[in-house]
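The structure appears right after this line, and notes come after that.
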Number of protein chains: 2
Amino acid sequence: MKRILLKISYDGTEYHGWQTQPNSVTVQQVLQDGLQKVIKERPNVTGCSRTDSGVHAREFYCHFDCPDNIPNKAFLMGLNSVLPDDIAVTACETVENDFHARYNAKGKNYIYRMYFGVRDPFLSRYALYLENKPDIVRMNEYCTTLLGKHDFIGFSSSGRTVEDTVRTITYCEVKSVDNTIEFSVSANGFLYNMVRILAGTALEVGRGRLALDCANTIFETGDRSKAGPTLAPNGLFLNKVYY
Amino acid sequence: MKRILLKISYDGTEYHGWQTQPNSVTVQQVLQDGLQKVIKERPNVTGCSRTDSGVHAREFYCHFDCPDNIPNKAFLMGLNSVLPDDIAVTACETVENDFHARYNAKGKNYIYRMYFGVRDPFLSRYALYLENKPDIVRMNEYCTTLLGKHDFIGFSSSGRTVEDTVRTITYCEVKSVDNTIEFSVSANGFLYNMVRILAGTALEVGRGRLALDCANTIFETGDRSKAGPTLAPNGLFLNKVYY
């Protein structure tokens, strides 16, 4: 047996996230269906993260084990020929047998996209629409207050329980080009809905509805209600995974 | 009564083209449904062209008549608030009562998009995937042979009948940036499937499967079978309409 690491990319609009669930179509399930067609086996595929329903991935990694005699090109050429257009395998390599797509990930970068001004149907699928441009300078001042090691429980939803809610943000910045805005954040890990709440809080700061130092209050109190809204999934992209 | 000219944009993936048809969802129908919600009337909306099933429009114009007392902002703000995300109204103005979105159009520009190399789910919805890069210089040599006034019957599908199949192409060029290719063509009018066949022929020339001067043979013989394939609708965009 050998362990294969696949690098994939997907438009998450039509999927109920990565993880297989009863009665809904997920990326993991469609990928496993594809493997079954190509290699006549159905290995369990382990992803680097669970993305939520409607969230996209420019770069997502997953691993599985398969017999040594199956050539790796089966997973690139072969799998792409049977997958739907909204999921693509972009690279494939053999890794050590103890490599784990999730546990070996040292950090991840997510991007939350927004756009403003004239509505554009080619952006609306991949970015949150705003009527007006928020204050990018204010948003970036807020971003700097997120950097470092903090308890992010106030920036998470209660849907999934983890014991340790402390994470370290290593990069956080807002960039605006033309009529688009990208909130980009890197950390060693993320809590449930954390990026969408961090971005929703950034937006409220940019609109002047929350204070520049609101993150400090949220860190101190752990109070979810003091943060901004959980933004819609269509603007969120898992952008990079660091190993 | 006043005549309103709407400028709209749409992602055509989910629609059976512009024109209302029984038992299928079209852009015209969704737009008329939206108008009914906003102004409580259902004017007949006339489009600048019929786009086919799955074809996109970056810029599409349509006109309709409505009572003078309805403010134009109802068609911009109001209509956008009820339309799905894949159709957007981008501008609205009152025009002369004899203005006609189709008959007044002096010409149109269409773009057919392709991409090559690593598969990208964010491009696949809006561009034809090619495994290899075709020869762009050859494609452009072919494009110059299309310029001017010709009988384009050999570059059209037989689905719709028009008497006059002579059209004048005023611009035709292929541009390639990074891993994308855009075939762009402007003319005073287009026959059924004409752009998709012109682009399909360009692709076959770029792959070396058709001769550089194949268009001359197709003009002379009017033989559809000598042209390239009708490419898939997802790569086609109505890009500009000239009045």
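Summary of values
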quantity: Candidates per trypsin sites (Lys or Arg not before Pro) in the range A:110-182, loop by DSSP, up to 10 other Cβ within 10 Å; calculated: A:Arg160
quantity: DSSP beta bridge pairing in the range A:110-242, given as percent antiparallel to the nearest 5; calculated: 90
quantity: For the range B:80-88, Karplus couplings with θ = phi - 60° (6.51, -1.76, 1.60), whole Hz, Gly/Pro x; calculated: 4, 6, 10, 6, x, 4, 8, 10, 9
quantity: Out-of-range pairs (alpha-carbon distance over 21 Å; input B:Lys108/B:Lys226; B:Lys2/B:Lys73; B:Lys7/B:Lys37; B:Lys73/B:Lys240; A:Lys133/A:Lys175; A:Lys40/A:Lys73); calculated: B:Lys108/B:Lys226; B:Lys73/B:Lys240
quantity: Using a 7 Å Cα-to-Cβ projection, B:Tyr103 label spacings across copies, nm, ascending; calculated: 7.5
quantity: Axis-nearest residue of B (beta carbon) for the B-onto-A rotation, whole Å; calculated: B:Arg125, 4
quantity: Net +/- balance of residues flanking B:Met77 in space, Cβ distance below 12 Å, scoring K and R +1, D and E -1; calculated: +1
quantity: Accessible surface, the protein assembly as shown, averaged per residue in Å² (probe 1.4 Å); calculated: 44
quantity: Other-copy label distances relative to A:Ser225, 7 angstrom Cα-Cβ extension, nm; calculated: 7.6
quantity: Degrees, to the nearest 10: A:136-146 long Cα axis against longest axis of chain A; calculated: 70
quantity: For B:Ser81, solvent-accessible area (1.4 Å; no DNA, RNA or ligand), Å²; calculated: 90
quantity: Protein accessible area in chain B, 1.4 Å probe - carbon and sulfur %; calculated: 47
quantity: Partner chain coverage, peptide A:114-123 - average Cβ within 10 angstrom; calculated: 5
quantity: Per-residue average of Cβ from other chains inside 10 Å of A:85-98; calculated: 2
quantity: Environment charge of A:Cys62, counting only residues whose C-beta is closer than 10 Å and scoring Lys/Arg +1, Asp/Glu -1; calculated: +2
quantity: Between A and B, accessible area buried - total, square angstrom, nearest 100, 1.4 angstrom probe; calculated: 1700
quantity: Tensor-based shape of chain B (alpha-carbon gyration tensor, a/c under 1.5 rounded, otherwise prolate or oblate); calculated: prolate
quantity: Summed residue charge, Cβ within 12 Å of B:Pro121's Cβ, Lys/Arg positive, Asp/Glu negative; calculated: -2
quantity: For chain A, Cys with no neighbouring Cys Cβ under 4.7 Å; calculated: A:Cys48, A:Cys62, A:Cys66, A:Cys92, A:Cys214
quantity: Gyration tensor verdict on the protein assembly as shown (Cα atoms; rounded if a/c is under 1.5, prolate if a/b is larger than b/c, oblate otherwise); calculated: oblate
quantity: Probe 1.4 Å - accessible area at A:Glu131, Å² to nearest ten; calculated: 110
quantity: 3J(HN,Hα) from dihedral phi, the range B:214-223, Karplus parametrisation 6.51/-1.76/1.60, rounded to Hz, x for glycine, proline; calculated: 4, 4, 4, 5, 5, 5, 5, 8, x, 8
quantity: Helix-derived mean residue ellipticity, 222 nm - over chain B, DSSP H n ≥ 4, -39500 (n - 2.57), to 500; calculated: -6000 deg cm²/dmol
quantity: Per-residue average of Cβ from other chains inside 10 Å of B:2-11; calculated: 2
quantity: Accessible area in the full protein assembly, largest first, 1.4 Å probe, for A:Thr26, A:Thr144; calculated: A:Thr144, A:Thr26
quantity: Length gained when the stretch A:Arg224-A:His100 is fully extended (0.36 nm per residue, less Cα-Cα span); calculated: 41.4 nm
quantity: Estimated Rh, the range A:2-95: Kirkwood, alpha-carbon pairs, angstrom; calculated: 13.0
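The values are calculated or read from the model by the stated rules, or taken from the named source; none is laboratory data. For clarity, every value in this text was computed on a predicted model and none was experimentally measured. Ideal geometry is used to build each Cβ from the backbone, glycine not excepted, and the neighbour counts take in all protein chains shown. Just so you know, the surface numbers come from the protein's heavy atoms only, side chains and all, with ligands and any DNA or RNA stripped out. Shrake-Rupley method; radii C 1.70, N 1.55, O 1.52, S 1.80 Å.
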